[in-house]
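Accompanying notes for the structure given below.
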Amino acid sequence: MLFRFHNLIISALFLLVSQLSADDTQAREIFVEAILAEGSEQTALVESLSTTASTLVPDFLEAWKRGDIFLLEADGSAAPTPLLEVEPEQEGGTPTYFRVIDGEEMAAGSFDPAALEMARPSRKTRRVFTMTIDLLALSTPNVQERADAALKLGLKRDDDILPKLILLRETETEPSVIEALNEGIAVSMLSHGTKEGQMDAIQLLRDENSIAGLDALKNLRHDLNDGLATHPFSEEELAKLTASIASIESYISWTDFVGTCFRGLSLGAVLLIVALGLAITFGLMGVINMAHGEMIAVGAYSAYISQTVFYSLFSESTFALETYFLFAIPFSFLTAALCGFILERTVIQFLYKRPLESLLATWGVSLILQQGFRLIFGAANRQVRSPSWLLGNVEIFDITFGFNRIFVIGFAILIVFGTWFLMAKTPMGLSIRAVMQDPQMAAAMGIRINRVRMMTFAFGSGLAGLAGVFLSQIGSVGSNLGQSYIVDSFMVVVAGGVGNIVGTVISALGIGVTDQALQPLLGPVMGRICVLVAIILFLQWKPGGLFPSKSRSLD
């Protein structure tokens, strides 16, 4: 099926004669000459296809390599006509043939297919197919593709390609492509250059902090130590080579450290969003809510529902994919907040200051919700697709920053700021703090305690719903999604200081960075165990966490 699909694509390309560019026309002419040529002339013609900048060249060469190019002998002394054979879409059908020179379909019955002769490239010509396709990328108008192709070809350290890269460098005008060409040429020079060229390459790779050239530098050092190098090095030159390797390795360590910190910050941002709602319901209200994880799942499933509704309304159009997530964020918050409001009114309001009972009751609620998710959405996990503006990344100093991770970090900052503003700068926040510190005095001042508790619990649950939206972009959505984060979120809240927002922020980011730093060294399981042990030891030293709470409700 894949083979036929590929042939259909080629067929479509041949049929679009009216839209052929000058590069495509030139490529067809050269390709026909190459098919009819022999020996070194054929090889040279195939190599010249790389200068046409035609997108048809890879398909031409692949078809020729597969044996889909045939020769139709002409009457008299005329040269044969190269034809492309395209397999039928249905089993048992008749193949279709197109002229290579112009893509015109050959009329049925105008020739005998049995008389066609397969055009076979020579063995030497086959060897340059891949190189031609790679060199073709150096002619593309896309600057980034040209730069990537230049470095890729240089890393092959092919003696035949090196002169072509040097020649291309003389005509290239884009600085980023020139930089990639210099790096690729330097890597190739380590294997095929003169001794002076090798020393210049060593210095250039060091100046550029070339991660791609590190293996080539190490291979050269191994060859020198084993006596296999083309040019012997003096002690001073060998020391220069060793210093270049050490410099690049140090640069890699630095980029790995920054990358680890970034990944840790993104993980910490997720933990922060998860734990921030728990810091309010558990830290400020004193309620051990074991169903907090299910509020996360409610938010994730709300994102899935938003996606489904948008795709139904807009028939899975690009508009639906790109915009549903913007509506999923507030929808998930409101849905989780509504669930938290119902939970507080039906269960939690009867269990204030009864931590053991609230733990058992909310644990039972979590089991009910999990089973409810399975009944409504099924036992299989659901996939929530990410919009394109969350799928890309940007690379700075060889460090990749994913847009989805940047978005989570930025949104976590926005949520923290919004929560702080609500708690510290609004009448609602003042009422919440008054009720949590001294309910009796707050009631005496005319504050409606039940209403404040209800709104606070709903807000904390809504924050958990926001966490579910972001988690749906990282992995699949299932009924047990929240249970994977409930323990981590409790650790964050306790280590930061029960009820302290600043402590929750510091604890979440610290745990996230530490976890990401330990996993490459110890593995995911041992890394998580070490983090847990560190938190236990820390709580032995500071039982109240980073910022112990002094509210009267916890006395």
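The values are calculated or read from the model by the stated rules, or taken from the named source; none is laboratory data. Worth saying up front: this structure is predicted, and the values here are computed from it rather than measured. Cβ coordinates were reconstructed from backbone atoms using ideal geometry, including for glycine residues, and neighbour counts include every protein chain displayed.
Some values worked out for this structure:
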read-out	value
Hey, Ser210 part of a helix (DSSP H, G or I) and surrounded by 19 or more Cβ atoms within 10 Å (Cβ to Cβ) or not	no
Residue match in the range 309-319 (condition: assigned to a helix (DSSP H, G or I) and either touching a residue at least 24 places away in the same chain (Cβ under 8 Å) or among the basic types (Lys, Arg) (or both))	no
Qualifying residue in the range 243-265 (condition: free of Cβ contacts under 8 Å to residues at least 60 places away in the same chain and over 30 Å from the mean Cα position of the chain (by Cα))	yes
Residue within the range 476-483 that is in the same structural domain as Thr362 (by TED's automatic domain parsing), β-branched (Val, Ile, Thr) and either in a helix (DSSP H, G or I) or free of Cβ contacts under 8 Å to residues at least 12 places away in the same chain (or both) present	no
Search result, residues across the range 337-385 that are among the aromatic types (Phe, Trp, Tyr) and more than 21 Å from Ala303 (Cα to Cα)	Phe350, Tyr352, Trp363
Residue in the range 446-465 that is hydroxyl-bearing (Ser, Thr, Tyr), free of Cβ contacts under 8 Å to residues at least 40 places away in the same chain and farther than 27 Å from Thr308 by Cβ present	no
Residue that is surrounded by the fewest Cβ atoms within 10 Å (Cβ to Cβ) [pool: residues in the range 401-419 that are under 19 Å from Phe457 (Cβ atoms) and of a type outside the set (Ser, Thr, Tyr)]	Gly418
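Condition check ((1) more than 28 Å from Thr400 (Cα to Cα); (2) modelled with pLDDT of 80 or more; (3) surrounded by 21 or more Cβ atoms within 10 Å (Cβ to Cβ); (4) in contact with a helix residue (DSSP H, G or I) (Cβ under 6 Å, 6 or more places away or on another chain)) across all residues:
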| site | (1), (2), (3), (4) |
| --- | --- |
| Phe262 | no, yes, no, no |
| His292 | yes, yes, yes, yes |
| Ile305 | yes, yes, no, no |
| Val309 | yes, yes, no, no |
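To keep it simple, each residue is scored yes or no on (1) surrounded by fewer than 24 Cβ atoms within 10 Å (Cβ to Cβ); (2) in contact with a Lys or Arg (Cβ under 9 Å, 6 or more places away or on another chain); (3) of a type outside the set (S, T, N, Q).
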{"residue": "Met423", "(1), (2), (3)": "yes, yes, yes"}
{"residue": "Ala434", "(1), (2), (3)": "yes, no, yes"}
{"residue": "Arg451", "(1), (2), (3)": "yes, no, yes"}
{"residue": "Ser461", "(1), (2), (3)": "no, no, no"}
{"residue": "Gly496", "(1), (2), (3)": "no, no, yes"}
{"residue": "Leu509", "(1), (2), (3)": "yes, no, yes"}
{"residue": "Gln516", "(1), (2), (3)": "yes, yes, no"}
